[in-house]
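The values are calculated or read from the model by the stated rules, or taken from the named source; none is laboratory data. Here the structure is a predicted model, which is why all the values come from computation and not from measurement. When we count neighbours, we look across all protein chains shown, and the Cβ atoms used for this are built from the backbone with ideal geometry, even at glycine. Accessible surface is based on the protein model in full, side chains and every heavy atom, while ligands, DNA and RNA are left aside. Shrake-Rupley method; radii C 1.70, N 1.55, O 1.52, S 1.80 Å.
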Amino acid sequence: MKISACIFDLDGVVVDTAKYHYLAWKRLAAEHGFDFTEHDNERLKGVSRMASLEILLEIGQKSASPQEKELMAARKNAWYVEYIEKMDSSEILPGAKEFIENLRASEVKVALGSASKNARLILNRIGLVNHFDSIVDGTRVVNAKPDPEVFLIAATDLGIRPSECVVFEDAEAGVEAAINGGMRCVGVGSPAILYRANLVIDGFKNLSPSDVFARLSKQL
Ligand code: BG6
Ligand code: MG
């Protein structure tokens, strides 16, 4: 089994920004007179900004015109950006930076594959923008996960075949996207949710790329 590249989702894999998305969506919901719970927030992981808004409106049983939706999404994003502008490297999830650096030292290519249009801002804030050979974010992608587009663009950028790429994902839709793109996938989080991944880890702390690759090859 040859592994030439690793592609990382951002939110939930490298940083925990779900809490900031949650606070911003909750504020929007409150403005429109309904509550939005942490449990509801699970449904938004890996989902694009506009698709997240549709889910929020469904939860609140609200309707809105396309123009109103644009304004709502912009308001939510302005609040979200206020949070992420305060981020720094202390918010990198434990072991993630070291894991990426180990990959680069062993000449495995590293890419980012995220639905977020704020991905570059976050990478700048946490000091990892130069750690990736390719950055594919929500500004470069038309089709949201589970469509494999985001990961296939990354593989093309890197010049690596999908079969030699491993994707790291915390969202079910992201795992599907990797599978749909013909890539192997390591789920980061709960095996109950990410059961379609080839392997599930609970994080990168004290984990080396060679451990992960050895465990992956045993699964196949
Ligand atoms: C994904 C997050 O990475 O990016 C989603 O998991 C989010 O929760 C999506 O909605 C889009 O992010 P942004 O920053 O473009 O609103
Ligand atoms: Mg994610």
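Of the strands (runs of 3 or more DSSP E) contained entirely in the stretch 153-220, those carrying at least 1 residues that are of a type outside the set (A, V, I, L, M) fall at 165-169, 184-188.
Does any residue of the stretch 112-119 turn out to be open to solvent by less than 20 Å² (accessible area, probe 1.4 Å), out of contact with any Asp or Glu (no Cβ under 9 Å at 6 or more places or on another chain), at pLDDT 95 or above and under 28 Å from Ala29 (Cα atoms)? No, that holds for no residue.
For first residues located in the stretch 1-18 and open to solvent by less than 30 Å² (accessible area, probe 1.4 Å), partners that are more than 9 Å from ligand 2 (Cβ to nearest atom) and of a type in the set (D, E, K, R) and lie 6+ apart or on another chain with Cβ distances below 7 Å form the pairs Ile3/Glu164; Ser4/Lys109; Ser4/Glu164; Ala5/Lys109; Ala5/Glu164; Val15/Glu91. Do you know which residues across the stretch 50-76 are in contact with a helix residue (DSSP H, G or I) (Cβ under 7 Å, 6 or more places away or on another chain), touching a residue at least 24 places away in the same chain (Cβ under 8 Å) and of a type outside the set (A, V, I, L, M)? Those that are in contact with a helix residue (DSSP H, G or I) (Cβ under 7 Å, 6 or more places away or on another chain), touching a residue at least 24 places away in the same chain (Cβ under 8 Å) and of a type outside the set (A, V, I, L, M): Ser52, Gly60, Arg75, Lys76.
Residue by residue, here is whether (1) away from ligand 1 (no atom under 16 Å from the Cβ); (2) not assigned by TED's automatic domain parsing to the domain that holds Asp202 holds:
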{"position": "Met50", "(1), (2)": "no, yes"}
{"position": "Asn77", "(1), (2)": "no, yes"}
{"position": "Asn102", "(1), (2)": "yes, no"}
{"position": "Ser106", "(1), (2)": "yes, no"}
{"position": "Ser114", "(1), (2)": "no, no"}
